[in-house]
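So the structure is just underneath, and the comments pick up after that.
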There are 2 protein chains.
Amino acid sequence: MKKALDYAAVKASRFVDELIELLTLPSVSTDPAYADKVEKTAAWLVDHLGALGATSARLTATQGHPIVTAHFQAGDALPTVLVYGHYDVQPPDPLALWESPPFEPVIKGSQLYARGSCDDKGQLFMHLKALEAWMRTTGRPPVNVKLILEGEEECGSASLPGFIEEHKEWLDADVVIISDTSMFASGVPSITYGLRGMTYVEVSLTGPDRDLHSGTYGGAIENPINALARMIGNMHDADHRITIDGFYDEVVALTSAERQEMAALPFDVAAWLKEVGVSVSRTERGYSELEAATARPTLDCNGIWGGYIGEGAKTVLPSRASAKISMRLVPNQNPKDIAAKLQAWMEAKTPPTMRLDFRMIHGAEGVLVDTDSTAMAAAAKAVEGVYGCRPFLVRIGGSIPVVADFKRILGLDSVLMGFGLDSDAIHSPNEHFGLDRFAEGIEAIIRFHALYADMAGSDEH
Amino acid sequence: MKKALDYAAVKASRFVDELIELLTLPSVSTDPAYADKVEKTAAWLVDHLGALGATSARLTATQGHPIVTAHFQAGDALPTVLVYGHYDVQPPDPLALWESPPFEPVIKGSQLYARGSCDDKGQLFMHLKALEAWMRTTGRPPVNVKLILEGEEECGSASLPGFIEEHKEWLDADVVIISDTSMFASGVPSITYGLRGMTYVEVSLTGPDRDLHSGTYGGAIENPINALARMIGNMHDADHRITIDGFYDEVVALTSAERQEMAALPFDVAAWLKEVGVSVSRTERGYSELEAATARPTLDCNGIWGGYIGEGAKTVLPSRASAKISMRLVPNQNPKDIAAKLQAWMEAKTPPTMRLDFRMIHGAEGVLVDTDSTAMAAAAKAVEGVYGCRPFLVRIGGSIPVVADFKRILGLDSVLMGFGLDSDAIHSPNEHFGLDRFAEGIEAIIRFHALYADMAGSDEH
């Protein structure tokens, strides 16, 4: 391992130059105008993986953007790690807010500025460079490594689940490792073991078959905005618990160990609230802000519209009111089951004067990774080797649907070992990534390969 | 009176031809592109009034469109009637839905189709033709008649209250008569004695200072849409009464005589609901549909918006949610007082995590005209003379702010004697007016002049 670490340290500057070359390719997946650039990026990665000495490296076309796969075969008796990453990026808009052009990477201080520098080109490239360190020193990594790099993460990953289904055998592995998350804070390394899921629905209440004059009809015809507001207003009780019947039935409760780990995190609630301009939080009764925002289910109205929304006054009694409502789910809530429960609750409360339209837009399951696994232990030890302190195990409030896909289709847990920071401005202008974290990530991955080979070998082989 | 009625009957066809000429002038007040046409219409009316033999007829320029005034002096000892009407019209859009061009009047069957045919050119022209009948037969009307015809009714009547204030003395009269309302139904003549007022406000709740990611913050930061929905949802109780503290304090209750008159009206609730696609009404407990829609105060959310309202899903926890809320008021509710009560109620319910912005857009007082006055008795008798049956006294749910202005500034009650029908499509494509009703209206006005002269003369002079 020392040789590989030394190699990475010596070549650090070239690694950054190569990442800069990758970041100049504008692989914006959601905009068809960039389709050839996305493909070019995939081809660049296949070439690069081939040059590193991959046993195989290939580009597979899909209905959308290509999926890049590669295999670094080390030995049949050795455990296998499946690396997931995505080489597509968010659109750079609004361009006017970038201090330097998004696809002309520039280093300022210790930070590399470019779209994708952190999310996720910078983080996936750490895996390629860790593999290079092994290939150029010992000729092979200490574990078998497979890579699956998609180009549609920022536009819904439409092709990925089908690809995983179709290539189940080829993708067979012992564990998935993903670097597409953040550390808890600067200098506070963490490994993510919990993700929330999601049920997202759009609903409408329709009353009269056209907009009416509120002078003529107001008082006798029930107003769909008032009625929808009443429903949404009743979805939480005074304890800020969600009132949908059965909503909490399947929720896996936080253990006291988890709550202690969360309470120990260096989380400054006042600063966190101040940063978004809010003086007081509002959580489900009995839960801290961090628990409520990462490990408890939620219900938020994400959008609402109805009636006259232009300037001034129009005395309309509207025909219809609509809303988008999403629920962040925790294990073991099932997205479709939760949608059905919400629908039943809303139908029961729909006034006899109205019609409810209810449409589920998408769903994703929440994930809890087994924190006692060999891979998690190896990852924790690898991170500790880099930072000198044990990483915190954290849950995050967002969703990474591919993690549930790997679990469902391949039966594999994912180790979410990320090196971003919430301040990296991913999805925003002036996205950046710390060169220190880029180097630390490569080191942690090299260490993980070696540690996991040792620990899984002694455990399982 | 008989001579005047006979004259009107003989000249009916020419009266329609003249109305058609008036209707070809596109006096759309809200669109500056039509400004010269509005002015041309005012000038046409001044010329026409002069030709009828008005003592004076003039056009007064305002900040907006001109106000036309005229005086038919009959004698200092006689009572004076002030006629209000408006010569401006609604925009004709959407043009594609008109079966004939809106400013090329056409007679189909017994109906005259054109923008303004009913609202209000057709109805105000009845007053001019009634005056003509007197002028050409007896040389003067039996009462003094003053006319005030504005050109900004369809865009807010901005100039009118100031004009009334400035010309108080000239406008001095015994009663105001307005033909800008509908009959209760075809063959069911009515006189309107009650109008609702209005308080219209726009409100916003602001939480975080920008839109947040619901995965990162959902569960710990209160959502302004959910909070605003809760407030709006709580503005009615289970009896559909409005819960704003003190909202009903000043309401003048319906008398049992009024309720009996309303119950006697030929009002087909099922047909009324079916026409707007609703199977069940929702009224304040204890009140009929007609009472609730015309004589009880209401609260309707006229528009709501916040968060993401485009296609698909965006997991935003919005910074702000906004709504337009209007309350139809009844006498003696004060529009500003009601706004203050709503604001206090909302402020008390605003979560400590949010800021409430509250803005009153406009207000108008409700009106109840004394139904026992000589003018009302004369109007009822005039209508009965035309239709052979006593007109119903009705309240309507909308607002005509000028009625409150005449009361407040001049101390005058208004007699609302209108000959429209709800089916005349005013403000819609294919607006029309019945030629029978045009002739009946002229006859009723002639009768009113004579009856009011008699009855007011014997009462008051």
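In this structure, residue B:373 does not satisfy being within 11 Å of chain A (Cβ to nearest Cβ) and polar (S, T, N, Q). Of the residues screened, residue A:454 is not one that is closer than 28 Å to residue A:292 by Cα and out of contact with any Leu (no Cβ under 7 Å at 6 or more places or on another chain). Restricting attention to the range A:74-125 and to residues that are open to solvent by less than 40 Å² (accessible area, probe 1.4 Å) and among the aromatic types (Phe, Trp, Tyr), the residue that is nearest to the chain's Cα centre (by Cα) turns out to be A:84.
In the set (1) open to solvent by 10 Å² or more (accessible area, probe 1.4 Å); (2) under 28 Å from the mean Cα position of the chain (by Cα); (3) of a type in the set (A, V, I, L, M, F, W, C), residue B:313 fails one condition alone, (2). Of all residues in the range B:255-295, those that are more than 13 Å from every other protein chain (Cβ to nearest Cβ) and either of a type in the set (A, V, I, L, M, F, W, C) or assigned to a helix (DSSP H, G or I) (or both) total 10. Would you say residue A:114 is of a type in the set (A, V, I, L, M, F, W, C) and under 29 Å from residue A:156 (Cβ atoms)? Spelling it out, residue A:114 is indeed of a type in the set (A, V, I, L, M, F, W, C) and under 29 Å from residue A:156 (Cβ atoms). When the criteria are applied in full, residue B:313 fails the requirement of being within 29 Å of residue A:201 (Cβ to Cβ) and either of a type in the set (Asp, Glu) or outside any loop (DSSP other than H, G, I, E, B) (or both). Restricted to the range A:14-52, and to residues there that are in a loop (DSSP other than H, G, I, E, B) and at pLDDT 95 or above, the residue that is surrounded by the fewest Cβ atoms within 10 Å (Cβ to Cβ) is A:24.
Has the range B:353-369 got at least one residue that is outside any helix (DSSP H, G or I), more than 24 Å from residue B:198 (Cβ to Cβ) and open to solvent by 50 Å² or more (accessible area, probe 1.4 Å)? Scanning the range B:353-369 turns up at least one residue that is outside any helix (DSSP H, G or I), more than 24 Å from residue B:198 (Cβ to Cβ) and open to solvent by 50 Å² or more (accessible area, probe 1.4 Å). None of B:145, B:175 is of a type in the set (A, V, I, L, M, F, W, C), within 29 Å of residue B:383 (Cα to Cα), over 21 Å from the mean Cα position of the chain (by Cα) and surrounded by 16 or more Cβ atoms within 10 Å (Cβ to Cβ) except B:145. Residue pairs whose Cβ atoms lie under 9 Å apart, separated by 6 or more positions or on different chains, with the first residue in the range A:301-319 and more than 7 Å from chain B (Cβ to nearest Cβ) and the second basic (Lys, Arg), are A:319/A:210.
Considered as a group, the residues in the range A:303-326 that are of a type in the set (A, V, I, L, M, F, W, C) and closer than 27 Å to residue A:342 by Cα include one that is modelled with the lowest pLDDT, and that residue is A:317. Any residue at all in the range B:187-195 that is surrounded by fewer than 22 Cβ atoms within 10 Å (Cβ to Cβ) and part of a loop (DSSP other than H, G, I, E, B)? The answer is yes; a qualifying residue exists. Answer yes or no as to whether residue A:70 is under 25 Å from residue A:448 (Cα atoms) and open to solvent by 20 Å² or more (accessible area, probe 1.4 Å). Taking the combined requirement at face value, the residue does not satisfy it. Condition check for residue B:457 on (1) within 19 Å of the chain's Cα centre (by Cα); (2) more than 23 Å from residue B:156 (Cβ to Cβ): one failure, at (1).
For residue A:184, the requirement of being away from chain B (no Cβ under 14 Å) and surrounded by fewer than 24 Cβ atoms within 10 Å (Cβ to Cβ) is not met.
Just so you know, in the range A:389-408 the residues that are within 13 Å of another protein chain (Cβ to nearest Cβ) and hydrophobic (A, V, I, L, M, F, W, C) include one that is farthest from residue A:188 (Cα to Cα), and it is A:400. In the range B:223-245, the qualifying residues are those that are open to solvent by 10 Å² or more (accessible area, probe 1.4 Å) and in a loop (DSSP other than H, G, I, E, B), and the one that is nearest to the other protein chains (Cβ to nearest Cβ) is B:234.
Selection of the range B:320-358 for residues being within 11 Å of chain A (Cβ to nearest Cβ) and of a type in the set (Lys, Arg) yields B:324, B:328, B:349, B:355.
Screening residue B:343 with (1) under 28 Å from the mean Cα position of the chain (by Cα); (2) buried (at least 19 other Cβ atoms within 10 Å of the Cβ); (3) polar (S, T, N, Q) gives one miss only, at (2).
Would you check which residues across the range A:211-222 are touching a residue at least 40 places away in the same chain (Cβ under 8 Å), open to solvent by 10 Å² or more (accessible area, probe 1.4 Å) and part of a helix (DSSP H, G or I) and list them? Scanning the range A:211-222 gives a single hit, A:217.
The values are calculated or read from the model by the stated rules, or taken from the named source; none is laboratory data. Bear in mind the structure is a predicted one, so any value in this text is a computation, not a measurement. Methodologically, a virtual Cβ is constructed for each residue, glycine included, from the backbone with ideal geometry; neighbour enumeration extends over all protein chains shown. Quick note on the areas: whole protein, heavy atoms, side chains included, nothing else; ligands and nucleic acids left out. Shrake-Rupley method; radii C 1.70, N 1.55, O 1.52, S 1.80 Å.
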